[in-house]
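Down below is the structure, laid out as structure tokens.
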Amino acid sequence: MSNPKRSFDGLKEGETFEATLVENLTRTQIVQYAAGSGDFNPIHHDETFATKIAGYPSVFAHGMLTMGLLGRLITDWLGDGVLGSYGVRFVRQVWPGDTLRGRGVVKRLEPQGRHGLVEIEVVATNQKGDPVVTGSATALLPRREAGSI
Amino acid sequence: MADEHEFHVDRTGILLFASALGETNPIYYDEAHAKATPLGGVIAPPTFAISSAHWNPDYGLRGIRKIPASKPRPAVLAERSGGGGGGSLARVLHGEQRFEYHRPIRPGMKLTVTTKPGKTWTKEGKRGGSLRFSESVSEYRDEAGELVVTATSVGVLTEKAVEQG
């Protein structure tokens, strides 16, 4: 059961989609994510711990926060409940004040009867143009249906 | 050896998680909207399974919370999960995360999360010294024992703070 926004037949290999994931990330959002996820590693909210004990320039965001933001890019584009898998690597830290841009590209389309499997690659990039999270996802979408999607 | 704990899903937990992501999608909180879609009700966002940490009595990054109560465990394990004074908290990073979705997570689900250790490996990193990777695989099952989500997590233990660049 799902609520797709796109049909399998409406997608093309190489098609891309992009969006701003967050502008000027706030410490408040990082703390909200700690409370939402349950991950209270002080490295994400305690400046003294992050700088003096851990040796980082400041607190930094949970990798899972960026994975969640990138997940939103996918669901806004393809629909709700359509994902079969979603996996990422955390390649750089995300800092307070960062602005992240997300980008997805259709890598593979595989018809499966009345549905089709879509494989996409995704990346989140910071304001310097450096990738912070890279990954891929698969989604099951319906073939052309009623011309509405 | 597998660790097992309960994970009770409700609309408040989903709302808090989705709102921390800056979500505006009504499928995560608006029951009337969600009912009118083919999904038939509110569902959780794709990365929500990670918040089962709230229900994990042995979670190493739980801050001050004392519930659910931890099980008594050997000192060596408490140290490994970060209970030993902050040293390991400062050195542990999240390397990779992967979810396999079998069905959407929905409010009212009473899930059982079973976590098993996976592979471990070591790598010389350019920016964080020697890196020790360890994988864990968690299966989220509903009351009927049906698989809902499988989550694979790779943690990285770094020698020092990872240099920026």
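The values are calculated or read from the model by the stated rules, or taken from the named source; none is laboratory data. On a predicted model such as this, the values are computed, not experimentally measured, just so you know. Counting neighbours? That spans all protein chains shown, and the Cβs are built from the backbone with ideal geometry, glycine included. Heads up: the accessible areas ignore ligands, DNA and RNA and are worked out on the full protein's heavy atoms, side chains in. Shrake-Rupley method; radii C 1.70, N 1.55, O 1.52, S 1.80 Å.
Just to check your reading of the model, which residue among A:Glu119, A:Glu47 is at pLDDT 95 or above, of a type in the set (D, E, K, R) and within 23 Å of A:Met1 (Cα to Cα)?
After applying the criteria, what remains is A:Glu119.
Can you list residue pairs whose Cβ atoms sit under 7 Å apart, with the first residue in region A:89-111 being free of Cβ contacts under 8 Å to residues at least 40 places away in the same chain and the second being of a type outside the set (D, E, K, R) and open to solvent by less than 70 Å² (accessible area, probe 1.4 Å)? Count only pairs 6 or more apart in sequence or on different chains.
A:Gln93/A:Phe60; A:Glu110/A:Gly116; A:Glu110/A:Leu117
Could you tell me whether A:Arg144 is in contact (Cβ under 8 Å) with a residue 60 or more places away in the chain, surrounded by fewer than 16 Cβ atoms within 10 Å (Cβ to Cβ) and within 27 Å of A:Ser7 (Cβ to Cβ)? Before the answer, list the steps.
Working: in contact (Cβ under 8 Å) with a residue 60 or more places away in the chain: yes; surrounded by fewer than 16 Cβ atoms within 10 Å (Cβ to Cβ): yes; within 27 Å of A:Ser7 (Cβ to Cβ): yes.
When the stated conditions are applied, A:Arg144 passes them.
Taking the condition open to solvent by 40 Å² or more (accessible area, probe 1.4 Å) and more than 19 Å from the chain's Cα centre (by Cα), does A:Ile43 pass?
no
So that you can scan it fast, the table gives a plain yes or no per residue for (1) in contact with a strand residue (DSSP E or B) (Cβ under 8 Å, 6 or more places away or on another chain); (2) open to solvent by 70 Å² or more (accessible area, probe 1.4 Å); (3) not hydroxyl-bearing (Ser, Thr, Tyr):
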| residue | (1), (2), (3) |
| --- | --- |
| A:Arg92 | yes, yes, yes |
| A:His115 | yes, yes, yes |
| A:Asn126 | yes, no, yes |
| A:Asp130 | no, no, yes |
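Would you check which residues across region B:16-43 are more than 14 Å from A:Asp76 (Cα to Cα), open to solvent by 10 Å² or more (accessible area, probe 1.4 Å) and either in a loop (DSSP other than H, G, I, E, B) or more than 9 Å from chain A (Cβ to nearest Cβ) (or both) and list them?
At the first step, the residues of region B:16-43 found to be more than 14 Å from A:Asp76 (Cα to Cα) are B:16-17, B:19-20, B:29-43.
Filter again for open to solvent by 10 Å² or more (accessible area, probe 1.4 Å), leaving B:16, B:19, B:29-33, B:35-38, B:40.
Matches in region B:16-43: B:Tyr29, B:Asp30, B:Glu31, B:Ala32, B:His33, B:Lys35, B:Ala36, B:Thr37, B:Pro38, B:Gly40.
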